[in-house]
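Report on the following structure.
Bear in mind that the values in this text are calculations on the coordinates, not laboratory data. Keep in mind that what you see is a predicted model, and the values were worked out from it rather than measured. Neighbour counts are summed over all protein chains in view; Cβ atoms, including those assigned to glycine, are modelled from backbone coordinates with ideal geometry.
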Amino acid sequence: MMAQADTFRETVPRNKATVVGSRATTLPGCVAGVPPKMKVRQAPKHGKVSFKQINGKLNEKSGRCAGKPVKGTLVIYKPDRGYKGEDVFKVGFVMDMYEAGSGKIRNVVDKYIIKVK
């Protein structure tokens, strides 16, 4: 199993649920994979995290797959009512890696550092 993680820094408004991240999988040939099943691995101290599955299109950073349909999962953060300041949480998921037919499993735990204004 291979681990990978990213750190995301976002500024969000008080008292409002905001999309702070997303993940999707694409199979060889630019075919949409199964959306990652996300889990909160470390809960925020001053808010709540939820997830929403969506259908969308890959952006221009996706190279030759840009514009292709994809199924993904949004990460949504909602601060506690009236809270202002920094909050931190971690979200994890496991997915298959399709790198040169390797069939490896990738275990991802992303860290989110949220500034609530």
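Observations on the model:
- Around the amide H of residue 26, modelled in the peptide plane, lie the amide H atoms of 33, all under 5 Å away and 5 or more residues distant in sequence or on another chain.
- In a simple Cβ point-charge model (Lys, Arg +1; Asp, Glu -1; nothing else charged), the range 2-116 has a dipole of about 360 debye relative to its Cα centre.
- For the range 2-116: relative contact order, % (alpha-carbon pairs under 8 angstrom, 6 or more apart): 38 percent
- When 10, 60 are arranged by Cβ crowding within 10 Å, least crowded first, meaning fewest neighbours, the order is 60, 10.
- Backbone amide hydrogens, once placed in the peptide plane, bring residue 15 within less than 5 Å of 82, 83, excluding anything fewer than 5 places away on its chain.
- Spacing of the modelled spin labels on residue 64 and residue 88, each 7 Å from Cα toward Cβ, amounts to 4.1 nm.
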